[in-house]
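*Asks:* Have a look at this one.
The values are calculated or read from the model by the stated rules, or taken from the named source; none is laboratory data. The model shown is predicted, which means the values in this text are computed figures rather than measured ones. So basically every Cβ, Gly included, is an ideal-geometry build from the backbone, and we count neighbours across all protein chains shown. Accessible surface is based on the protein model in full, side chains and every heavy atom, while ligands, DNA and RNA are left aside. Shrake-Rupley method; radii C 1.70, N 1.55, O 1.52, S 1.80 Å.
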Amino acid sequence: MDDRKQTWQGCHHIRASFVLAIISAVVMWIVSCVGAGHAVADEARVLSPPSDAVADAPPAAETVSHNPTHVLTAAVDQAHSDCFRSTPFPSAEACGKCHPQHYREWSTSPHAYAQMSPVFNAMSNTIIKLTNGTLGDFCIRCHTPVGMATGEAINMSNMDRAPAAREGVTCVVCHRVNQAWGKGSGRMALVSGDVNQAVYGPVGSRILNEVMSHPDEYGALRTALNSDERSRPIHARSYRFFQQTTSGFCGTCHDVFAPNGFRLEDAFSEYKQSHLALDCGESCQDCHMGKVPGKALGYDFAPAAVVGNRSTPPRKHTNHMMAGPDYPIIHRGLFPHNPKAILEEHQPDDTGLATMRQWLYFDDAAGWGRADFENSVEENTAFPSPWDDPVMRIKARLILDEQYALLAELHTQRRAVLRAGFHLGDICVSEASCGGIRFSAPVSNITAGHGVPTGFDAERVVFLRTSVWDAHGRQVFQSGDLDPNGDVRDAHSLYVHNGKVPLDRQLFSLQSLFITRNLRGGEREQVLSVSYSIDPLPYIRPATRPFTVLGRPIGARKHKKILEVDGVRHASYEVTPNQLRGPGTYTIRMQLIAGMVPVNLVHVISDVGFDYGMSAKAVADGVVDGHMVLYDRTKTIRVRAGH
């Protein structure tokens, strides 16, 4: 059967099942209410206790509600629960039972955070708003392929999405793909089916066949749903899919080419023109899933699975953490993904500690659950449910300790992969006199695979923070400092725009720029690639002329400022005589800093709101807190008298 048809039928089935489940549950609930009501009434007539015994009687069991709203709510909850159990795309949690190491690495990865990001969702919703809905699922289909395949709304809270949908680029997004879809900006079909459905990977069924042929060692297994059989469910087959070990597999999402010809991301195209692709034959996976992040230095060896209490024989292990420039800014109870943390609202038999909404009320910063905090809690201190129970707070703290340990590993790998791409050379001083100081330093791309920064480079913040101090520690020069919002002092800083801080004219930044053509002529830099005009026509329409002549759309372009493969750019600075404090010793410090997105983007997308009830300030603070210093260079110089 064609995979598009398979996926459509799976999605159609789950929507039909959901509707039927609601109808059936409502009918059954009404019948049970009527029956229960008659039974209670009859029993009351026969077994009514004497009036003097009522006070000593035990509390009556909760009666069935006849309120239509309560009936419908319960029916919807039951329908949600039934649909989540029978989803055509199982959650990564189901895969993690046999693949704990892969799950642990993936759970904190940028792939796992793709849909959880409040910045991404607000940006997608803003562009949808600016284009009056004509953007459609162009952005979000890469961030939640499962959500789009199952017909979830584009604009909804992650707290209301199915588990596999909010997991972003989850297990089935890669391992339920059975054909090469090409550079379609994430447009692809997933093979639907429960956990027993066949999967697609790099090696085929050799290890799976070995596991299934030794039930005495690995325990009883089942490859088809059967609730009566006491055995472990696993996928029935594992087919070798040739493209999964090639860079073309990554290019399905990591080369974003809009229908109007706008090249939003070029990571795969850059790779195709690089030394690695043309001369070395190395793939994206070799650098980003190997044992050393960012470098093709081979792979670790580890078991592919742990079935029961038995590990399969070691083989090549691909690191699914795949760290990159992004980092999480949401509550640590929500991310990394952790089955012990999240209690699904519509699955009462779930084993998680608290729902996502309940976690938002857990005050991590106040130290809830830590011994020093719990020992100082006064008797009448009020806590929101379920955190009014100290045992729950302590359990939550133990989970958060695990979360922070895993995030520390991600931080280390993120730093390693970024340092594998960027390099800051030594400071070179060309003049140091009372006539001024002139100095520079080279910033280089030291990866042979693509430009840096790559991907969504128009929102990647990579800049130099440069300072000069005199012998008394007084700062005489600074570039690359942040305004009160957390932006560098460029043209998009609100403080610069409002004249409250000066423009940083010596700023060294590798952030590319969106340039849009106004509908009444002229061009301007934009934070988002949507044209601005006092008389806008905010719809994405087919171009009136072919864009192939220019190689880009007529209405917008991107001014790339990245470092190409083997590229070097010198950051040059000048300290003027009036900034100096006479001859003497001065210290120069240069730091190469990488961030996720600029804070001005947070401002532009803030009017649609952020998920999890986050404020724009909370989002901006999280973005700035994640800035990482990749290199730190200092040089002490002697400024001589005279010119």
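*Asks:* Does any residue of the range 507-529 turn out to be farther than 26 Å from Asn125 by Cβ, at pLDDT 75 or above, buried (at least 17 other Cβ atoms within 10 Å of the Cβ) and not hydrophobic (A, V, I, L, M, F, W, C)?
*Replies:* yes
*Asks:* On to the next question. So, in the range 390-432, how many residues would count as being open to solvent by 30 Å² or more (accessible area, probe 1.4 Å), in contact (Cβ under 8 Å) with a residue 60 or more places away in the chain and under 30 Å from Gln358 (Cβ atoms)?
*Replies:* 4
Condition check ((1) touching a His at 6+ places or on another chain (Cβ under 9 Å); (2) under 27 Å from Glu525 (Cα atoms); (3) surrounded by 15 or more Cβ atoms within 10 Å (Cβ to Cβ)) across all residues:
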residue: Arg552; (1), (2), (3): no, yes, yes
residue: Lys558; (1), (2), (3): no, yes, yes
residue: Thr576; (1), (2), (3): no, no, no
residue: Ile588; (1), (2), (3): no, no, yes
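*Asks:* Answer yes or no: is there a residue in the range 326-346 that is open to solvent by 20 Å² or more (accessible area, probe 1.4 Å), in contact with a strand residue (DSSP E or B) (Cβ under 6 Å, 6 or more places away or on another chain) and closer than 29 Å to Asn121 by Cα.
*Replies:* Yes, because at least one residue in the range 326-346 is open to solvent by 20 Å² or more (accessible area, probe 1.4 Å), in contact with a strand residue (DSSP E or B) (Cβ under 6 Å, 6 or more places away or on another chain) and closer than 29 Å to Asn121 by Cα.
*Asks:* For a quick check of your reading of the model, give me the residue pairs whose first member lies in the range 363-389 and is under 19 Å from Ala341 (Cβ atoms) and touching a residue at least 24 places away in the same chain (Cβ under 8 Å), whose second is outside any loop (DSSP other than H, G, I, E, B) and open to solvent by 60 Å² or more (accessible area, probe 1.4 Å), with beta-carbon atoms closer than 7 Å and at least 6 apart or on different chains.
*Replies:* Close Cβ pairs (under 7 Å, with a partner that is outside any loop (DSSP other than H, G, I, E, B) and open to solvent by 60 Å² or more (accessible area, probe 1.4 Å)) amount to Gly369/Ile394.
*Asks:* Right, here's the next one. Which of the residues spanning the range 592-614 are open to solvent by 60 Å² or more (accessible area, probe 1.4 Å) and either closer than 11 Å to Val119 by Cα or of a type in the set (Gly, Ala, Ser) (or both)?
*Replies:* Result: His603, Gly613.
*Asks:* Can you tell which of Val119, Val173 is farther than 30 Å from Arg240 by Cα, open to solvent by less than 20 Å² (accessible area, probe 1.4 Å) and either modelled with pLDDT of 95 or more or not small (Gly, Ala, Ser) (or both)?
*Replies:* Being farther than 30 Å from Arg240 by Cα, open to solvent by less than 20 Å² (accessible area, probe 1.4 Å) and either modelled with pLDDT of 95 or more or not small (Gly, Ala, Ser) (or both) holds for just one of Val119, Val173, which is Val119.
*Asks:* Among (1) modelled with pLDDT of 95 or more; (2) within 22 Å of Arg104 (Cβ to Cβ); (3) outside any helix (DSSP H, G or I), there is one condition Ala365 misses while meeting the rest; what is its number?
*Replies:* (2)
*Asks:* Still on this structure, please answer the following. Report those strands (runs of 3 or more DSSP E) wholly inside the range 416-534 carrying at least 3 residues which are closer than 28 Å to Glu574 by Cα.
*Replies:* 422-424, 428-433, 436-445, 461-469, 475-479
*Asks:* Given the options Gly168, Gly186, name the one that is among the small types (Gly, Ala, Ser), crowded, with 22+ Cβ neighbours inside 10 Å and farther than 25 Å from Lys340 by Cβ.
*Replies:* It is Gly186.
*Asks:* Something else: Among the residues of the range 279-314, which ones are of a type in the set (Ser, Thr, Tyr) and assigned to a strand (DSSP E or B)?
*Replies:* Ser311
*Asks:* Okay, moving on. Of all residues in the range 232-269 being of a type in the set (Asp, Glu) and open to solvent by less than 30 Å² (accessible area, probe 1.4 Å), which is farthest from the chain's Cα centre (by Cα)?
*Replies:* It comes out as Asp266.
*Asks:* I want to confirm something. Restricting to the range 446-482 and keeping residues that are touching a Phe, Trp or Tyr at 6+ places or on another chain (Cβ under 8 Å), open to solvent by less than 10 Å² (accessible area, probe 1.4 Å) and not hydroxyl-bearing (Ser, Thr, Tyr), which single residue is nearest to Ser185 (Cα to Cα)?
*Replies:* Ala458
*Asks:* If you don't mind, another one. Only residues that are out of contact with any Leu (no Cβ under 9 Å at 6 or more places or on another chain), not charged (D, E, K, R) and not in a helix (DSSP H, G or I): list them for the range 369-397, please.
*Replies:* Selection gives Val377, Asn380, Thr381, Ala382, Phe383, Pro384, Ser385, Trp387.
*Asks:* Checking Met321 against (1) at pLDDT 95 or above; (2) not in a loop (DSSP other than H, G, I, E, B); (3) not polar (S, T, N, Q), which test does it fail?
*Replies:* (2)
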